[in-house]
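Report on the following structure.
The values are calculated or read from the model by the stated rules, or taken from the named source; none is laboratory data. As the structure is a computational prediction, the values presented were derived from the model and not from experiment. We place every Cβ from the backbone using ideal geometry, glycine too, and count neighbours over all the protein chains shown. Areas reflect the complete protein model, heavy atoms only, side chains present, ligands, DNA and RNA absent. Shrake-Rupley method; radii C 1.70, N 1.55, O 1.52, S 1.80 Å.
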Amino acid sequence: MKIKDLKYERNNALAEKARRLIPGGAHTYSKGDDQFPANAPKVIDRGFGCTLWDVDGNEFTDLAMSLGTVILGHAYEPVLEAVRKEITRGVNFCRPSIIEGELAELLVDIIPSAEMVKFGKNGSDAVTAAVKLARAYTGWKYVARCQDDAFNAIHDWFIGSTVLTRGVPEEVQALTLKFKYNDLDSCQRLFDQYPGQIACFLLEPLSSDPPRDGFLEKLKAMCERNGALLIFDEVVSGFRFALGGAQELVGVVPHLSAFGKAMANGFSTSALVGQAEFMRIGGIDHDQERVFLLSTTHGGETHSLAAAIATIKEIRRHGIIDHFWSMGQALMDGVRSTARDVGAEKYIDVVGYSVKPGFVYRDETGKASMVARTLFLQETVSRGLLMPYVVPSYAHTKETVDFALECIRDALVVMKNAAEGPGMASAVRGEIVKPVFRKFN
Ligand SMILES: Cc1ncc(COP(=O)(O)O)c(C=O)c1O
């Protein structure tokens, strides 16, 4: 397959300016220069469907779809049409707009745990609001989160439980406890160690490993026995594993859950949803002490809510959830068989659910490796494919998957030749990519 003649002049100039003016040069750490190989596009000009053009006019097929938010495709017309209609009517008012109630009704209809809904602008706010509500409802201070989740929120209760503790007081760090997915004993140990003190157990219900032996049902029962709330972080799984989130698929109804990402095809909206018994204490129709729950200036911004309604309608109209499962499966199967064909199985593992495929890149010693990851990304980028991670979208077709597999085949051959020759590190041009969660740059 032909290597592209990529140009970088404007990319480099604009990225250099961004790094001077914006800490990290981007507004999400996972978009930063340290996450991509040196030949990756640095600044995107525009996107359509699953094609991106950078500021030098280089064209790429996009498998990442903006951190998984753009589930229908970039510049997807039916969503844009709904947004255009809404912005001409005014985008925010001093009282709620009609559309807030409309979207709330729709979410209550499709999400099993939703009896009440509160909107925000990002997933972190919705997850953190769930934690706040659990603490307020129970009166307890500890939060237990799943140590296998890569990320739940930008706020201190979560970040303080990672290696990036700078700026988070030790007292705050000490309030977040960790349990292991599929390990009920690790949950029970926390209840034994902190009796009557844990407000909630929070986790992504489906992330990489499938739940075993009724883990989620048993965790819910354990929470209820101990007076804690079960919170599902559905920021990634919502509108993807099933329209009503992973909770619809697994049939376990959490007390509270948080949605975001794919909800509005890239427009900024998120939702805390939950059972009325808990949600209502954030309202004005009770006589208890008040709880300040997710009150934001922009939460009711009309065109983002219109984008969410249009996105949900499109998912329903076209049966798009099935499309995610089948496109993801085609890619996963294709990568496995391509790796076998070229004798490179030991350099790539294909893991996870097909609605959210994961890849582990291995070096010549068989270790999961950032060098191997960098080389893979470098070689796919140089053939016009952007796959820092893969999030299936309605914009991805069989042709997209075929093209991706051609790029991947070549990348795996380069990895194998390097591994069996001078070593993968010698084939990497530029810096090795790094994990976001690391103590020092
Ligand atoms: C599982 C999960 N929860 C929460 C969040 C936070 O969402 P946001 O970046 O919209 O605040 C993310 C973001 O990547 C996530 O992956």
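Determine if the stretch 31-38 includes at least one residue that is away from the ligand (no atom under 16 Å from the Cβ), assigned by TED's automatic domain parsing to the domain that holds Pro392 and either touching a strand residue (DSSP E or B) at 6+ places or on another chain (Cβ under 7 Å) or open to solvent by less than 20 Å² (accessible area, probe 1.4 Å) (or both). Checked the stretch 31-38: at least one residue is away from the ligand (no atom under 16 Å from the Cβ), assigned by TED's automatic domain parsing to the domain that holds Pro392 and either touching a strand residue (DSSP E or B) at 6+ places or on another chain (Cβ under 7 Å) or open to solvent by less than 20 Å² (accessible area, probe 1.4 Å) (or both). Just give me the residues in the stretch 1-30 being part of a helix (DSSP H, G or I), within 16 Å of the ligand (Cβ to nearest atom) and exposed (fewer than 14 other Cβ atoms within 10 Å of the Cβ), in sequence order. Across the stretch 1-30, there are no qualifying residues. For the stretch 297-341, a residue qualifies if it is surrounded by fewer than 18 Cβ atoms within 10 Å (Cβ to Cβ), more than 22 Å from the chain's Cα centre (by Cα) and among the hydroxyl-bearing types (Ser, Thr, Tyr), and the qualifying residues are Thr297, Ser337.
Restricting attention to the stretch 89-121, the residues being surrounded by fewer than 18 Cβ atoms within 10 Å (Cβ to Cβ), in contact with a strand residue (DSSP E or B) (Cβ under 8 Å, 6 or more places away or on another chain) and not in a helix (DSSP H, G or I) number 1. Considering the stretch 208-234, and only residues there that are touching a Ser or Thr at 6+ places or on another chain (Cβ under 7 Å) and within 16 Å of the ligand (Cβ to nearest atom), the residue that is farthest from Tyr353 (Cα to Cα) turns out to be Ile231. Among the conditions (1) of a type outside the set (A, V, I, L, M, F, W, C); (2) without any contact (Cβ under 8 Å) to a residue 24 or more places away in the chain; (3) in a loop (DSSP other than H, G, I, E, B), the only one that Arg429 does not satisfy is (2). Among the residues of the stretch 59-82, those identified as of a type outside the set (Ser, Thr, Tyr), more than 16 Å from the ligand (Cβ to nearest atom) and crowded, with 21+ Cβ neighbours inside 10 Å are Phe60, Asp62, Leu63, Leu72, Gly73, Val79, Ala82. Taken as a whole, the stretch 158-170 holds no residue that is open to solvent by less than 60 Å² (accessible area, probe 1.4 Å), on the phi > 0 side of the Ramachandran plot and not basic (Lys, Arg). Take the residues in the stretch 191-207 that are more than 21 Å from Phe278 (Cβ to Cβ) and in contact with a Phe, Trp or Tyr (Cβ under 8 Å, 6 or more places away or on another chain); name whichever of them is nearest to the ligand (Cβ to nearest atom). Here the residue is Ser207. Screening the stretch 280-390 for helices (runs of 4 or more DSSP H) wholly inside it with 2 or more residues that are among the aromatic types (Phe, Trp, Tyr) and out of contact with any Cys (no Cβ under 7 Å at 6 or more places or on another chain) returns the ranges 320-341. Selection within the stretch 349-404: residues that are surrounded by fewer than 24 Cβ atoms within 10 Å (Cβ to Cβ) and among the acidic types (Asp, Glu). The member of this set that is farthest from Thr311 (Cα to Cα) is Glu364.
Being part of a loop (DSSP other than H, G, I, E, B), at pLDDT 95 or above and either touching a Phe, Trp or Tyr at 6+ places or on another chain (Cβ under 6 Å) or away from the ligand (no atom under 16 Å from the Cβ) (or both): is that true of Asp45 here? So Asp45 does not fit the description; no. Residue count for the stretch 122-154 under the criterion of being near the ligand (Cβ under 9 Å from one of its atoms) and either surrounded by fewer than 18 Cβ atoms within 10 Å (Cβ to Cβ) or in a loop (DSSP other than H, G, I, E, B) (or both): the result is 7.
A quick yes/no check of all residues on (1) farther than 28 Å from Gly120 by Cα; (2) touching a Gly at 6+ places or on another chain (Cβ under 9 Å):
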{"site": "Gly299", "(1), (2)": "no, yes"}
{"site": "Ala307", "(1), (2)": "no, yes"}
{"site": "Phe324", "(1), (2)": "no, no"}
{"site": "Ile348", "(1), (2)": "yes, no"}
{"site": "Gly352", "(1), (2)": "yes, yes"}
{"site": "Met387", "(1), (2)": "yes, no"}
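Scanning the stretch 48-57 for residues that are open to solvent by 10 Å² or more (accessible area, probe 1.4 Å) and either farther than 23 Å from Ala307 by Cα or within 16 Å of the ligand (Cβ to nearest atom) (or both) gives Trp53, Val55, Asp56, Gly57.
With respect to Ala262, determine if the residue is open to solvent by less than 10 Å² (accessible area, probe 1.4 Å) and out of contact with any Asp or Glu (no Cβ under 6 Å at 6 or more places or on another chain). Yes: the conditions hold for Ala262.
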